[in-house]
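Here is the structure we will look at, set down as structure tokens.
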Amino acid sequence: MTVRAHGHGAVIRELREIRLPLVSPFQTSFGVQTSRRILLVRAAVEREGVVTEGWGECVAGDEPTYSSEYVDGAALVIREVLVPRLHAVDDLAASDVARVLEPVRGHQMAKAALEMAVLDAELRADGRSFAGLLGATRTHIPSGVSVGIHPSIDALLASVQGYVDDGYVRIKLKIEPGLDLEPVAAVRDLIGPEMPFQVDANAAYTRHDVEHLGRLDAFDLLLIEQPLPEDDLLGHAQLAAAIGTPVCLDESITSETVCADAIDLGAAEIVNIKPGRVGGYLAARRIHDLCHERGIPVWCGGMLETGIGRAANAALAALPGFTLPGDISASRRFWARDVVTEPIDVVGGHVAVPTGPGFGVTLDMALIEEVTATVTPLDPAG
Ligand code: SMG
Ligand code: MG
């Protein structure tokens, strides 16, 4: 079976949209979510006549609210702009994807999904694990959970208690103006002074809120994540200088350059690394290296991934600079049934880093077919 007319590089075979309901609504400062539309990319490589497939997952949301990327925009740019550029290259390797797509501005999540699929296919063909490629130094990673905004303090405390009972080693609470000091105080009271606890504002505050955000210092938080808008690096630097709680950037960190600048400015005392947001796992790795060299702690963010993205994130988070627990929770925290046959599990507060070829998970194709909304074939060989 031939996957392309010339060369032995990777090809992108299809773009697929699946739809999965969340086990419970997830509310952030920018909206409430009850399900996800998820783009999956299928790639293939051929080695001596044997075709091996790999999969990537796009973390873009249904709407452009976390960032400017969203499912329909990502699907369009993947189909019409990015894949034709990749297919114009002979012997495409995962390590080429970012460079080939560099002339296209932005669309980091769309680019990341493509690189991810090629990486998985290549690694599987070579019988290598992603953790092995990265040089992961841990076999298990500590698991934190992200808790959404709740309709009442009672409901919030019931959820948090459930996650504590599940063994999560760190709690992250979503906050927004008007729903911050009181829920944070209630959760700190419930979990006690020792349990690692942090908050995430998803850019809901402004530079006028410095004094107010300083009141969070009373709760001994690990960090406050992305309090101000994505483009307000200077505001984050001013806030970091004014309050005791360490300021961590999420949305603002869109590239290695921005990350280096944010550190130099004093805007990022801690960095949340999300491969989708920075254009892929290879860029995420370089951001890890940069932060590690500069002594900036990093942790791995989450984007409500399926088991595919969770498995890849677990390998990334096994690098030595990931010194804080990530948002890599069990599959069942979001999904009744995950699309992989080995859902991510949390045992004793930790997730095992997958060791199988590629990202180390096997897709449950029967379930994937059931939840598929659309499939777009993209293979140049037809
Ligand atoms: O995957 O556990 C997860 C979600 C973690 O809170 C989470 N992600 O800003 O960090 C963040 C949010 C972004 C996704 S909200 C749709
Ligand atoms: Mg965040």
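Spatially, region 149-199 and region 330-353 are offset by 21 Å when compared through their Cα centroids. By definition, a body whose alpha carbon gyration tensor gives a ≥ b ≥ c is oblate when a/c is 1.5 or more and a/b is not larger than b/c, and region 272-382 fits this oblate description.
Summary of packing: across the peptides 121-127, 99-105, the per-residue average of other C-beta atoms within 10 Å ranks them, highest first, as 121-127, 99-105. For region 208-293, the equivalent ellipsoid derived from the Cα gyration tensor has semi-axes of 23, 12, 11 Å, listed largest first. Here the dipole of region 10-87 is about 80 debye; that uses its Cα centre as origin and unit charges on the Cβ of Lys and Arg (positive) and Asp and Glu (negative). What does the C-alpha gyration tensor say about the overall shape of region 103-177? Classify as rounded when a/c is under 1.5, otherwise prolate if a/b is larger than b/c, or oblate. Taking the square roots of the gyration eigenvalues as a ≥ b ≥ c, region 103-177 is oblate.
DSSP assigns beta bridges within region 208-362; of those with both partners inside it, close to 10 percent run antiparallel.
Assuming charge only on the beta carbon of Lys and Arg (+1) and of Asp and Glu (-1), the dipole of the chain about its Cα centre is about 600 debye to the nearest 20. For the chain, the longest principal axis of the alpha carbon atoms and the long axis of helix 256-265 meet at an angle near 20°. Extension gain, T323 to R215: 0.36 nm times the residue separation minus the Cα-Cα distance gives 36.3 nm. Rounded to the nearest 10 degrees, the inclination of helix 108-126 to the longest alpha-carbon principal axis of the chain is 60 degrees. Each residue of region 44-52 was assigned a 3J(HN,Hα) from its phi angle through the Karplus curve 6.51 cos²θ - 1.76 cosθ + 1.60 (θ = phi - 60°); the sequence is 8, 10, 10, 10, 6, x, 9, 9, 10 Hz, with glycine and proline shown as x.
Considering only V83, H236, H350, the residue lying farthest towards the positive end of the dipole of the chain is V83, judged by Cα position with unit charges set on Cβ. Bridge orientation summary for the chain: considering DSSP beta bridges with both residues in this region, about 60 percent are antiparallel. Net charge in the neighbourhood of R19 (other residues with Cβ under 9 Å of its Cβ; Lys, Arg +1, Asp, Glu -1) is +1. Structural size metrics of region 85-210, computed from C-alpha coordinates, are Rg and Dmax of 21.1, 59 Å. One quarter of the convex hull surface built on the alpha carbon atoms of the chain amounts to 17.2 nm², the projected area averaged over directions. Of the residues G54, P64, A43, the one whose Cα sits farthest towards the positive end of the charge dipole of region 28-107 is P64 (charges of +1 on Lys and Arg Cβ, -1 on Asp and Glu Cβ, taken about the Cα centre). For the chain, the longest principal axis of the C-alpha atoms and the axis of helix 281-294 are separated by about 40°. Distance between the pseudo-spin-label points of A241 and S95 (7 Å out from Cα toward the beta carbon): 4.2 nm. Working note: Karplus 6.51/-1.76/1.60 with θ = phi - 60° gives region 134-139 the couplings 6, x, 4, 10, 10, 9 Hz, where Gly and Pro are set to x. Taking other residues whose beta carbon is less than 10 angstrom from the beta carbon of P196, and scoring Lys, Arg as +1 and Asp, Glu as -1, yields 0.
Helix content alone sets the calculated 222 nm mean residue ellipticity of the chain: runs of n ≥ 4 DSSP H residues at -39500 (n - 2.57) each, divided across all residues, give -9500 deg cm²/dmol.
Readers should treat all values here as calculations from the given coordinates under stated rules, not as data from a laboratory. Owing to the predicted nature of the structure, the values given are computational and were not obtained by experimental measurement. Here Cβ is always computed from backbone atoms with ideal geometry, including for glycine, and neighbour counts include all displayed protein chains.
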